[in-house]
Each structure stands twice: as structure tokens, then as C-alpha cells.
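Accompanying notes for the structure given below.
The values are calculated or read from the model by the stated rules, or taken from the named source; none is laboratory data. This one's a predicted model, so the numbers in the text were calculated from it and none came from an experiment. Ideal geometry is used to build each Cβ from the backbone, glycine not excepted, and the neighbour counts take in all protein chains shown. The protein model used for the area step is the full one, side chains on, heavy atoms only, and it has no ligands, DNA or RNA in it. Shrake-Rupley method; radii C 1.70, N 1.55, O 1.52, S 1.80 Å.
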Amino acid sequence: MKYPEVSPPPFPTPAEQRDALAKGLGRARLWAEQGILTETALREACLQDLRYDRMCEDLRGDWLWEIINAAGFRNEIRVPLLHALHDLSDPENARQLCKLAQHYAASGDAAFRDLLYQIVTQKPLATADYDFVGESELLALEGERGFLSAAKSRGAQLEQIDWDWPEESLLREAGELIGETRIHELLSSTSDPDLNRFFKSWQQQLREKAERKQQKQRHRKKQQAQQTEETSVETVLEAARGKTHCSWFRSWGMQAAPTELTVVLQALKSSKEPAVLTNLIKVFANRALPEFDSRLIELCQHPDPELQRRAWVALANNSHPEIREFANRQLNENQPACLFSLFIRNYQAGDEHRILAALKLPDDVWECHSVLGDLVEVLKENPTADRSRLAMVIYRFTPCEICRYKAVQLLQEQSAIPAWLAEECRFDSYADTSSLIFA
């Protein structure tokens with residue numbers, strides 16, 4: 001497939017603007033400066049957290065605030081943002097909304113400061129998993145006063161619930177900002193019952209941590225002995241025939257001797273039951289076969305989807321002419337999502353051009369991320385490959401800002417970054433990408 005031009009269009013469509021804002025591409029900031037980013041697209045990106053992976057990618061509030069100001073839309077975004085903060089119905093968006101509220105409040109907008117206090121003290125979100133929302137922002141905005149407000153609210157909760165990670169997180173962030181000594185001074189000198197409860201619970205946690213540390217030291221030798229205790233290959237085979245998931249097989253396989261792996265491979269070749277095969281193949285999740293066997297290729301086409309998936313993962317750890325032949329056939333046929341992982345260890349000069357010519361990105365965003373992530377590894381593990389075109393496609397189409405950073409890094413190593421990309425990366429949502437350009 002011939003991919004379209006990946007450089008930023010001079011007059012982006014609404015869909016192209018949304019895509020850039022969702023991915024965190026620096027072109028969104030440049031469009032804002034040029035006056036061609038629409039308020040509609042930016043408002044949506046502010047009110048909805050459009051990040052691909054909220055577990056790994058940092059919050060976009062700071063980045064969006066810069067774009068709001070570059071576009072001159074501070075007043076236009078203000079009222080919709082206030083309405084959204086009054087009705088925090090979706091906890092997934094709440095953290096970004098609070099970060100933007102912090103910026104508005106820091107610029108002198110008292111309505112947002114009041115709302116942050118209200119969110120922290122009243123905890124409007126229905127789910128307890130998000131009852132920490134607004135605390136980091138209030139702490140950064142108000143310092144000691146913000147901390148005491150959050151600690152008082154948590155102290156009131158501790159009358160019904162146990163101390164947990166949100167309390168630890170609040171103390172950790174406050175410690176970084178105002179210091180643990182100052183926190184101790186503030187909490188030990190108050191007469192407020194909720195703050196007293198928070199302080200006493202904190203001190204109790206410190207005592208329990210010290211006790212756990214001592215217990216861990218006393219039992220360390222015993223634990224080490226248990227961790228280093230060898231598990232026989234017979235135990236592995238017996239467990240594979242059982243009903244457990246055998247999640248520990250991967251780590252066992254990484255440490256196993258070649259002779260032990262050979263025994264597992266023989267069992268893999270002779271077994272017929274999908275559940276047993278699925279367990280056995282986990283041994284090779286991060287380890288090459290002691291000797292290649294084409295049974296692994298057969299399992300990549302097994303009707304059981306979980307067995308098939310794990311077979312692809314195991315096959316990618318090996319280098320063999322049969323694997324390359326299989327990969328080439330699949331390249332010209334249905335292109336399963338795991339296909340390109342086979343080229344990491346079975347690459348030959350010019351494969352990057354063949355791959356790009358045949359590449360068909362899946363519509364599913366998770367599969368697309370997987371495919372492009374494998375292509376990053378193909379280029380990384382085979383540094384003689386020409387990265388100039390394929391890495392640009394990865395940069396443009398991956399939904400993941402971390403993979404985008406890796407693509408830029410690959411281009412930089414071959415001095416293949418065009419001027420427009422360098423300019424765009426200066427304003428990327430991922431700090432490491434912008435730092436890479438300035439390095």
C-alpha cells in the first residue's frame with residue numbers, strides 16, 4: 001500500500017485536527033499558532049481525555065493549556081470547562097479537566113480555584129477509585145493550604161475506610177512540594193479532628209512499615225532460598241497437564257538449561273490438547289527453541305485463538321529460513337497482527353521496503369499499535385535497514401506517543417529527520433520527544 005504524505009497539511013480538515021490532538025502531535029500546536037486550529041476540535045480535546053494509553057501516557061493538561069493560549073481560545077474554552085467540572089460524570093476525563101482548572105486558577109480565575117476545593121472536599125465522583133481527583137492540582141496551586149484541605153477531607157473518610165494508596169500518594173506529592181518535616185509540623189499542631197485522624201493514621205502506617213521492614217529482613221534468607229529453589233522439568237510437564245494457567249512458565253523458561261528446554265519441546269511436539277499446548281508454549285515466550293521445529297509454525301494457524309497468539313509470540317524469538325518463508329507468505333496474504341514480529345530476527349536487506357509496500361494497517365487501534373510497535377523493533381534490531389520511510393509511517397500513524405518517540409529516535413540515529421518533523425516534535429505532547437530534538 002502506498003501511504004499518503006505524512007507531513008502536516010497546510011489546511012487540516014476537522015478529522016485531521018482531531019487526530020493530531022488525540023495523538024499529541026506537535027502540529028496541533030503549530031496550527032494553533034497559525035490560527036487554523038478550530039475551537040471545536042480543541043474544545044473536544046479539552047473536555048475528553050483522548051490519550052490512547054492512559055496508564056502509560058502522561059496527562060495532556062499542560063500541553064493543551066499551551067495550545068489554548070497559542071490559539072487564543074482561553075475565553076471560548078472557559079465556560080464549557082466550568083460546566084464539565086460541575087458535572088464530573090466521567091471519571092476518565094476528570095483528571096485532565098482538573099489539570100486545566102489548575103491552569104485557569106493560576107491565571108487568576110477564582111471560579112476554578114473554588115471548584116478545585118469543592119471537588120477535593122466533596123469528592124463528587126461516584127467511584128472510590130477516583131476519589132483522589134483534584135488533589136494534585138490543588139496541592140500544586142495552593143501549597144500548604146491545599147494540602148490541609150485534602151488531608152482534612154481524607155481524614156474525615158478515614159472514619160469509615162482504611163488507609164490506602166491515595167493517602168500515601170497525597171503525602172508523597174506534598175512531601176516533594178513542601179517537605180515531610182513541614183507536613184509533620186502542620187499536622188501535629190492542629191486541633192482539627194479530621195486532620196488529627198489523618199495524622200494519627202499516618203504515624204500508625206509509619207510504625208507498621210518499620211515492623212514490616214524488620215520482618216522482611218528476618219525472613220530474607222528464607223525467601224531467597226525459596227526463590228532459588230529449582231523446579232524440575234518434570235514438575236513443569238505435570239503442571240502443564242493440570243488446570244492452572246502456569247503463568248510462571250515464562251520465567252522458568254528464561255532460566256532453564258538447554259536440556260530441559262529440549263524435554264519441553266518434545267512434549268510440545270507430541271501433545272494434542274490445546275490447553276496443554278498453550279501452557280507448554282509459555283516456556284518459550286521469551287526464549288528461543290533449543291532447536292527449531294516447524295510444529296511452532298503449525299500452531300500459529302491453530303483454530304484455538306489463545307494458542308495461536310502464544311505460538312506467534314514464541315515463533316518471533318527464533319531465526320530460521322522456514323520462519324522467513326512463512327513470514328513472506330503471510331505478508332502477501334492476510335497479514336495477521338503478529339506477522340511483523342517475525343522479521344525482527346529474520347530480517348534481510350531491503351525488507352523494510354517490501355514491508356512498507358505491502359503494509360495494510362488494521363482499523364482496530366489496538367492492533368494498529370501492535371503492528372507498528374513490532375515495526376519499531378524490526379528497525380531497531382536491524383540498524384542497517386533504511387528507516388527514512390517506514391519510521392515516518394510509524395511516527396504518523398501510531399496512536400501511542402511513546403512509540404512515536406521511538407520512531408523519531410530511529411530517524412535521528414540515521415540523521416533522517418526532515419525540518420518540518422523537527423519543528424513539529426518541538427511541541428509534541430511527550431516531553432521526551434521534544435527533549436530529543438533539543439538534545
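Laid out as a table, the results:
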quantity: Lone qualifier among Ala357, Ala416, Ala349 - being of a type outside the set (Ser, Thr, Tyr), assigned to a loop (DSSP other than H, G, I, E, B) and out of contact with any helix residue (DSSP H, G or I) (no Cβ under 9 Å at 6 or more places or on another chain); calculated: Ala349
quantity: Residues of the range 117-164 that turn out to be more than 27 Å from the chain's Cα centre (by Cα) and β-branched (Val, Ile, Thr), as a count; calculated: 2
quantity: Count of the range 24-55 residues which are open to solvent by less than 60 Å² (accessible area, probe 1.4 Å), under 18 Å from the mean Cα position of the chain (by Cα) and farther than 15 Å from Ser434 by Cα; calculated: 5
quantity: Residue selected from the range 122-148 under the condition of a type in the set (S, T, N, Q) and either modelled with pLDDT of 95 or more or not in a helix (DSSP H, G or I) (or both), by the criterion surrounded by the fewest Cβ atoms within 10 Å (Cβ to Cβ); calculated: Thr127
quantity: Residue satisfying condition, being in contact with a helix residue (DSSP H, G or I) (Cβ under 7 Å, 6 or more places away or on another chain), under 23 Å from Ala431 (Cβ atoms) and assigned to a helix (DSSP H, G or I), within set Leu21, Leu25, Leu50, Leu37; calculated: Leu21
quantity: Qualifying residue in the range 417-432 (condition: touching a residue at least 40 places away in the same chain (Cβ under 8 Å), out of contact with any Leu (no Cβ under 8 Å at 6 or more places or on another chain), surrounded by 18 or more Cβ atoms within 10 Å (Cβ to Cβ) and closer than 20 Å to Glu57 by Cβ); calculated: yes
quantity: Residues of the range 281-337 satisfying the condition of being in contact with a Lys or Arg (Cβ under 8 Å, 6 or more places away or on another chain), part of a loop (DSSP other than H, G, I, E, B) and of a type outside the set (A, V, I, L, M); calculated: Asn286, Asp293, Asn317, Asn318, Ser319, Gln335
quantity: Those residues of the range 56-76 which are buried (at least 21 other Cβ atoms within 10 Å of the Cβ) and assigned to a helix (DSSP H, G or I), in sequence order; calculated: Trp63, Leu64, Ile67, Ile68, Ala71
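Okay, residues lined up against (1) crowded, with 20+ Cβ neighbours inside 10 Å; (2) in contact with a helix residue (DSSP H, G or I) (Cβ under 9 Å, 6 or more places away or on another chain); (3) among the aliphatic types (A, V, I, L, M):
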position: Pro290; (1), (2), (3): no, yes, no
position: Arg295; (1), (2), (3): no, yes, no
position: His302; (1), (2), (3): no, yes, no
position: Ser319; (1), (2), (3): no, no, no
position: Glu322; (1), (2), (3): no, yes, no
position: Phe340; (1), (2), (3): yes, yes, no
position: Arg345; (1), (2), (3): no, yes, no
